[in-house]
Amino acid sequence: MDFFKDAIDTLQIVLILIGAGLGGYGIVNLLEAYGSDNAAGKSQGTKQLMAGIGIAALAFVLIPGLKDLIDEHTAAATTGAIINTFLLR
């Protein structure tokens, strides 16, 4: 199960980096659009910024929940194995 925990940690880091990159790109587009007074660019920059924030929030909220779910499943499987071992004696 350590492989899955490491994979989840890596997934969280990757999602945070993707969200931060997309958010940073959105900020750059937003500032460029304000400089040239471009309404379509402002809209695109805002959408990219919000998407980046959403992806990063997903990484901070849902991924730890996934890790807890795997820990609970592992603990339940281990507890069941211990109970079965004692009952079979």
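Rule-based calculations on the coordinates, nothing more; no lab input. Computed from a predicted structure; not experimentally measured. Cβ atoms come from the backbone with ideal geometry, glycine included; neighbour counts cover every protein chain shown.
Using the 10 angstrom Cβ neighbour count as an exposure proxy, how do Thr74, Thr10 rank, fewest first?
Numbers: Thr74 13, Thr10 10.
Sorted ascending by nearby Cβ count, the order is Thr10, Thr74.
Applying the Karplus relation 6.51 cos²θ - 1.76 cosθ + 1.60 with θ = phi - 60° to the range 16-30 yields 3J(HN,Hα) values of 5, 5, 5, x, 5, x, 5, x, x, 5, x, 5, 4, 4, 5 Hz, where x marks Gly and Pro. Once both labels are positioned 7 Å from their Cα atoms along Cα-to-Cβ, the gap between Tyr25 and Ser43 label points is 2.0 nm.
Considering the range 2-84 at the alpha-carbon level, its Rg and Dmax are found to be 19.6, 71 Å.
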